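S.K.: Got a structure for you, questions after.
The values are calculated or read from the model by the stated rules, or taken from the named source; none is laboratory data. Remember, it's a predicted structure, so these values are computed and weren't measured experimentally. Note: ideal-geometry Cβ built from the backbone for every residue, glycine included; neighbour counts use all protein chains shown. Please note that ligands, DNA and RNA were not included when accessible areas were found on the heavy atoms of the full protein model with its side chains. Shrake-Rupley method; radii C 1.70, N 1.55, O 1.52, S 1.80 Å.
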Amino acid sequence: YRFSKLSIVETEDFVAGKNVLAVAFPSGVLVKKSTFTTKDTFNSAFEVLPHEIAHQWFPQTIFNDEEDNAILSEGLCEYAARVFHETKQDKSIRDDLENHPLLRSLLAREQNKTEIPLNQKADLRAVPTQYLKAYYFHHMLRTIIGDENFMQLLAEYSSKFRLKKATLADYKNLAEKFYRKNLDWFFEQWVTKTGIPRLKLYNVKTTFENTQWKTKGNVRVVGYAQFSTPINVEVRTESDSLRKKLWLGKDSTGKYKNDVSFELISRSKPQEVVLNPCGDVLLFKKMAPRLSELREPNDGLMIIGSKGNTDSLWSIARRDSSAMDKGGWYIVIKVDSTITLGDLQRERVILYGTQEQNSVVGKFSKNFPIKIKGDSAFFQNKSWCGDSIGVTQIIDNTFMQNGLVIWVAPLGKFSTMELLPFPESYLISQGGKHIDEGIWEVVDEECKITFPQ
C-alpha cells in the first residue's frame, strides 16, 4: 500500500452525479450516505468498499490506458474484492457468478447485439454489465492457469508495474509466463471480440452396472461461432456429487472440437447432471427475470392506473422515478388511457395499480404468476391479504424481445412500496416491510438434465 493512510469519507448523495455510489481517490474513498441506509444489499457500503479500496492499487498505483479500464481497473478491483472475501471465508452477493444480479442483463445485451468489447473506451458507469464481464474474464483466466499461478500473476503484476503504466499485453505476458502456454486464444475471444458461448448437454443416460451407476453424455457448442473453454460437468446424487472437467474448442494442435463426451461413475443413483455447476464460465443460460435487472440504466415507461387510487399511484411512481433518475434512468410517466401498442413495445414497462385500477394490467395479468383479486394475492400454496399488502413482480414482456414488465400493485390504502433492484422476481410487502420474496422457477434443459426417481 503506497500511501501513509486510508480515509473513508461519508459524503452527500449528489456528489459525483448519478449512478455512482462511491469514488476512490489517492489514499481514500468517498462513500455516499445512501449506501449506509439502502435496503439493496448489492449497493450497501460493505459490498462497495472492497472494490473501491482496491482502486488504491488499480489504477492508482499500477496505471493503465483508458481502453483497458474494464479489465485492468474495474475488473481487477471487482475480482480483488472476491479474493478479499475468500481470505475472510465469506461470500458476497457480487461473488455469486451462477446467479449474479447482472448476469441476465449481460446475456440480454448479447442477444440484442448491444454488447461491446472489453477493451474499448466507454463510460462504464452507464454499462454496469461490463463490470461483471470483466470480473468473469479474471475468474475464467484463474480457472485456466490455476489458483497458484493466478495469485503469482497478481503479485508480480502489482510489484513489477508499481507506479508505472501497464498494458493489457503486459498482463497477458505475465499470465503466459506462469501458465507456460500461449493465451492468445483466450484474450482474443474475451477481450477483442463480443459474443457469449452457448453449450448444451445431450444424449445423457445413466445405467446400473455391477453395483454402480454409469452416467454418460455429450456436451456441444451450439451455433457456428467457435469458442474454446474448459467446462465442468457434475453428476449429483442423493449423497454426493462427482465432477469432471472437459475441454471444448481448439486443442494444442489447433484442431477444433465442438462436441465432447463424458462418463462418470457413482455409487448412488444420479438425480441430475449439471453443466457449469458453479457458473465459472460465462455461458448463455435460461434465467428468471429479477428486479435486479433494474440495476442497468435504461429508458423506462411508467403507466399509472386512472380508475382508482390514482393520487396514491402517482405518488409512488414519482418517488420511484426520482430514485431511478438518480441511477441514470430516463423515465416517462403516462396514464393507462393514453397507452398505445408502441408504448408496450419497450424494454422496460412498469405498471402501477391493480387490474381494476389500471386497464393496461389486463394485457399482462395472465402471465404474472402471482394472481391478485381485491385485497388478496395468491401464488402456489401461499396467499396474502389486507389493506397494507403490496405486491411487486417482474416478467418478460410479450410485446418486446428481452423486454421486461414490472407490476407494482398496492392492495390497499395503507400499502407502502418501494421499487428497488432487489435480486428477486417478486416481493410481498406489508407496512413497508418485506414479508415474502422469491425467484420464479426456470427449467434450463440445455444445462441441466434431471432423472426420474
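S.K.: Just to be sure I understand the filter: pairs with C-beta atoms under 6 Å, separated by 6 or more residues or on different chains, first member in the range 62-89 and closer than 19 Å to V23 by Cα, second member basic (K, R) and open to solvent by 10 Å² or more (accessible area, probe 1.4 Å). Which pairs pass?
M.R.: Note: pairs meeting the criteria are F63/K165; E66/K121.
S.K.: May I pose another question? For K366, work out the one condition from (1) open to solvent by 60 Å² or more (accessible area, probe 1.4 Å); (2) basic (K, R); (3) under 30 Å from L124 (Cβ atoms) it doesn't fulfil.
M.R.: Only one criterion in (1) open to solvent by 60 Å² or more (accessible area, probe 1.4 Å); (2) basic (K, R); (3) under 30 Å from L124 (Cβ atoms) is unmet by K366, namely (3).
S.K.: Next question. Step by step: first the residues of the range 291-308, then only those that are polar (S, T, N, Q) and in contact with a Phe, Trp or Tyr (Cβ under 9 Å, 6 or more places away or on another chain), then the one that is nearest to S388 (Cα to Cα). Which residue is that?
M.R.: For the range 291-308, the residue satisfying everything is S292.
S.K.: Let me ask something else about it. Specify which of the listed residues (H85, H51, H55) is in contact with a strand residue (DSSP E or B) (Cβ under 6 Å, 6 or more places away or on another chain) and more than 22 Å from K285 (Cα to Cα).
M.R.: After ruling out the rest, the residue left standing is H55.
S.K.: Another question about this same structure. Could you please find all residues in the range 399-416 being in a loop (DSSP other than H, G, I, E, B) and either surrounded by 21 or more Cβ atoms within 10 Å (Cβ to Cβ) or in contact with a His (Cβ under 8 Å, 6 or more places away or on another chain) (or both)?
M.R.: Within the range 399-416, L411, S415 meet the criteria.
Residues checked against (1) open to solvent by 50 Å² or more (accessible area, probe 1.4 Å); (2) closer than 27 Å to Q56 by Cα; (3) of a type in the set (S, T, Y); (4) touching a Lys or Arg at 6+ places or on another chain (Cβ under 9 Å):
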| site | (1), (2), (3), (4) |
| --- | --- |
| Y135 | no, yes, yes, yes |
| H138 | no, yes, no, yes |
| R142 | no, yes, no, no |
| D147 | yes, yes, no, no |
| T167 | no, yes, yes, no |
| R180 | yes, no, no, no |
| E188 | yes, no, no, no |
| N203 | yes, no, no, yes |
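S.K.: Can you name the number of the only condition in (1) under 14 Å from the mean Cα position of the chain (by Cα); (2) under 30 Å from E234 (Cβ atoms) that P277 fails?
M.R.: If we test P277 against (1) under 14 Å from the mean Cα position of the chain (by Cα); (2) under 30 Å from E234 (Cβ atoms), just (1) comes out false.
S.K.: Could I ask something else about it? When the range 50-80 is examined, which residues are found to be out of contact with any helix residue (DSSP H, G or I) (no Cβ under 8 Å at 6 or more places or on another chain), in a helix (DSSP H, G or I) and open to solvent by 30 Å² or more (accessible area, probe 1.4 Å)?
M.R.: Within the range 50-80, I53, E66, E67 meet the criteria.
S.K.: With the structure loaded, tell me whether K160 is open to solvent by 60 Å² or more (accessible area, probe 1.4 Å) and either farther than 27 Å from I71 by Cα or touching a His at 6+ places or on another chain (Cβ under 9 Å) (or both) or whether it fails that test.
M.R.: No.
S.K.: Assess whether L174 counts as being assigned to a helix (DSSP H, G or I), open to solvent by less than 50 Å² (accessible area, probe 1.4 Å), touching an Asp or Glu at 6+ places or on another chain (Cβ under 9 Å) and at pLDDT 95 or above.
M.R.: yes
S.K.: Find the residue count for the range 368-398, including only residues that are assigned to a loop (DSSP other than H, G, I, E, B) and more than 20 Å from P289 (Cα to Cα).
M.R.: Qualifying residue count, the range 368-398: 6.
S.K.: I've got another one for you. Among the strands (runs of 3 or more DSSP E) lying completely within the range 246-358, list those that include at least 1 residues that are buried (at least 22 other Cβ atoms within 10 Å of the Cβ) and in contact with a strand residue (DSSP E or B) (Cβ under 9 Å, 6 or more places away or on another chain).
M.R.: Once the strands (runs of 3 or more DSSP E) in the range 246-358 are filtered for at least 1 residues that are buried (at least 22 other Cβ atoms within 10 Å of the Cβ) and in contact with a strand residue (DSSP E or B) (Cβ under 9 Å, 6 or more places away or on another chain), what remains is 270-275, 299-304, 348-352.
S.K.: While we're here: Considering each residue of the range 114-139, count those that are among the charged types (D, E, K, R) and touching a residue at least 60 places away in the same chain (Cβ under 8 Å), and give that number.
M.R.: Taking the range 114-139 as the starting set, the residues that turn out to be among the charged types (D, E, K, R) are 115, 121, 123, 125, 133.
Okay, now just the ones that are also touching a residue at least 60 places away in the same chain (Cβ under 8 Å), so 115, 125, 133.
The total comes to 3.
S.K.: Of D444, D375, D396, D387, which residue is open to solvent by 30 Å² or more (accessible area, probe 1.4 Å) and within 25 Å of A108 (Cβ to Cβ)?
M.R.: Going through D444, D375, D396, D387 in turn, the sole match is D396.
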